[in-house]
1. Of the conditions (1) among the acidic types (Asp, Glu); (2) under 18 Å from residue A:63 (Cα atoms); (3) not in a strand (DSSP E or B), residue A:170 clears all except one; give me its number.
2. If you check B:82, B:44, which single one turns out to be touching a His at 6+ places or on another chain (Cβ under 9 Å) and open to solvent by 10 Å² or more (accessible area, probe 1.4 Å)?
3. Answer with yes or no whether residue B:217 is under 24 Å from residue B:134 (Cβ atoms), open to solvent by 80 Å² or more (accessible area, probe 1.4 Å) and either basic (Lys, Arg) or over 21 Å from the mean Cα position of the chain (by Cα) (or both).
4. Which members of segment A:31-54 meet the condition of being within 18 Å of the chain's Cα centre (by Cα) and within 11 Å of chain B (Cβ to nearest Cβ)?
5. Only one of these conditions is not met by residue A:137: (1) surrounded by 15 or more Cβ atoms within 10 Å (Cβ to Cβ); (2) without any contact (Cβ under 8 Å) to a residue 40 or more places away in the chain. Which number is it?
6. Assess whether residue A:57 counts as being away from every other protein chain (no Cβ under 14 Å), open to solvent by less than 60 Å² (accessible area, probe 1.4 Å), farther than 30 Å from residue A:164 by Cα and in contact (Cβ under 8 Å) with a residue 60 or more places away in the chain.
7. Provide a single number: the residues in segment B:160-210 that are buried (at least 17 other Cβ atoms within 10 Å of the Cβ), of a type in the set (Lys, Arg) and within 14 Å of chain A (Cβ to nearest Cβ).
8. Can you tell me how many residues within segment A:103-117 are surrounded by fewer than 21 Cβ atoms within 10 Å (Cβ to Cβ) and not in a loop (DSSP other than H, G, I, E, B)?
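The values are calculated or read from the model by the stated rules, or taken from the named source; none is laboratory data. The shown structure was predicted, so the numbers you read here are calculated from the model rather than taken from an experiment. Reconstructed Cβ throughout: ideal geometry from the backbone, glycine too, with neighbour counts over all protein chains shown. Just so you know, the surface numbers come from the protein's heavy atoms only, side chains and all, with ligands and any DNA or RNA stripped out. Shrake-Rupley method; radii C 1.70, N 1.55, O 1.52, S 1.80 Å.
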Amino acid sequence: MNIPHNVMPFRQQRAADLESFALLLEGVGFSNLHAIRDTVTLLRDKLYGLHTPGTTDYACWGYKINDLTIELNSLPRHVRPRTIHTISIVIDTDILAKCDQWETMNDPFIKMNFRVKIVGIDTRRKYFTGFHIDKHTGTNHPTEVHPLYHLQYAPSVAKGAGFGSLLTLDTPRIMHPPVELILGLDLVISNFLPETWNKLKNQPAYLALQKKYQNALWKPYLLTLASNWANHDPVTWNRFDLCPHFN
Amino acid sequence: MSLINYLYIDDEKEADAIRDGLNDTGIIKVDLIEPASFEKQAARLKDDMLIQYKGLILDLRLDDNPKSQAKYTAPSLAQALRFEAGINSDLAMEFPIILCSTDKKIQESYAHENTSHDLFDYIFKKDEAPDYKKIAAKLKSLAKGYSFIKQNLDELDNIIKRKIGELDNRIFSKFLGENVTFSIHDLASFIKKELIEQPGPLINEKILAARLGVDIEKSEGWTDLLGYFSTPIKYTGVFAEAWERWWSDLLLNKFKELTGQRLPALTAVERVQLLIEHTKINKLVAATPLPRAISNNFWTICEYYQVPLDPLEAVKEYTNKEPSPWQEYRYLSIDAALERKGKIHISEKERLERIKEQLESEENDEHSA
């Protein structure tokens, strides 16, 4: 395994960011963030090789986090059925990116998937809903429109749970800028734990982390979209991939 | 092999029976003496402990006998010994100190006062038909653990038999770094109370079974399964002989290696099916939820009923010390909480109320139907 010399410092930086992020979350009452801590350890471990699929190029960073569980201490508004007494959110994320694509005007990720499963329970059964934000990387060319990065409402119903009166089908894929754990969890917390989010937003370290990742991941995305109307010289990303509705 | 010797200081009437009970196990050897005055006792202990004892057992109320010269309690003597060992960095004076008393006295004069709890390594009650074998095994393990720590003080990896680098770096941070000083008792007590006794990186057999989805009582194959999962996930560090624990992160890895699936996402039935399929251990039965619970995505246990629980249907238990971020809470089932068996964490009051209303309205529906 031949990791290029500049990759480990880059991975160290991503690990340090995730570690600070976990610490900030713990400061506002999150617990059981082992999954983030384990990821930090892996990113720092030289023996843990991340490489471009199909090649032996180890110039990558990324991580896979499963079952990161957030318990909601109070119920969000408009929960139906009204009998639900407890809700928890389970996050799975899988990202892979080339280090040298960081903070460029190009696509930052090779692979990106941020999946949010929401489970509610009452005294009779469990209920499921959820959504994901991901990068469309399929080699097949589906007929439905696929903005390269999109958010899709997609309930993850547990196997054998039955669907009740729920109708499921492919729902619209709505354009959404790329996220990784730091930006993705911000979306989840801001929507489901607004009080916690306000506490986090009072902390300069939290804001700085958000800004850093928005700058690296959202700026190229949004400037590429904006380039449809205004000329942005550095943009090298194909805006038609991001928004198939452009013509 | 010679037995590990403990010195036992007590002058209450049941002391002889306790000594004999412990000695009859053949696991440790206990010598009983009556308490002397504080100064005399402290000085004498220093000589005695150095020569022949590996641990000390103290009765809580050494001041209870009007005929005795002792006018002090076990915590004050233990405090003096710990302090003495600390300022002199005297390894020979570092040994486990065990507290014993009647349940009533513990409730009256010990349970309400937290500052002295850190002084003792283990507590047993004299009036509840003591399980001498269990107590002797714990005492032996504590004494052996102290000795091992003394000999391997600079090798935490060796003390807990796991690479510290693989764990959350906050767990042992206070024991690592240049010019960091701590006593053997600090480290021993931290490992036992924070790492072993509180669920977190290490889990006990009941939680292990909950995570594997197995009903221990109904599964004849449980012991075989434990054997199957012993390497490398069983904890083999200090105190492991008397406190059986398993590494929670290694359990997930091992299950994934074995079955290709992620344990948390599966129901107990699916977990047990996969275990049977891949280990060929057949006599395993999946655990089922308590009457007021419906989910079998078990991850923790009800501290009162000691049976598996899905955290969605678990209520945090009251604790006088909030867990560190790397530790887990203990939980009660909805059943136990509603029956007022055990004490709930204040943050769960509202949720429990919601659940109670929900259950009551269902009962009403059933009656009116």
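1. Just one mismatch for residue A:170, condition (2).
2. Unique residue meeting the criteria: B:82.
3. On the way: under 24 Å from residue B:134 (Cβ atoms): yes; open to solvent by 80 Å² or more (accessible area, probe 1.4 Å): yes; either basic (Lys, Arg) or over 21 Å from the mean Cα position of the chain (by Cα) (or both): yes.
Yes.
4. Those that are within 18 Å of the chain's Cα centre (by Cα) and within 11 Å of chain B (Cβ to nearest Cβ): A:33, A:34, A:35, A:36, A:37, A:38, A:40.
5. Failed condition: (1).
6. no
7. Matching residues across segment B:160-210 total 1.
8. In the first step, residues of segment A:103-117 are kept if they are surrounded by fewer than 21 Cβ atoms within 10 Å (Cβ to Cβ); the result is A:103-106, A:110-111, A:113, A:115.
Subset that is not in a loop (DSSP other than H, G, I, E, B): A:111, A:113, A:115.
The number of residues fulfilling the criteria is 3.
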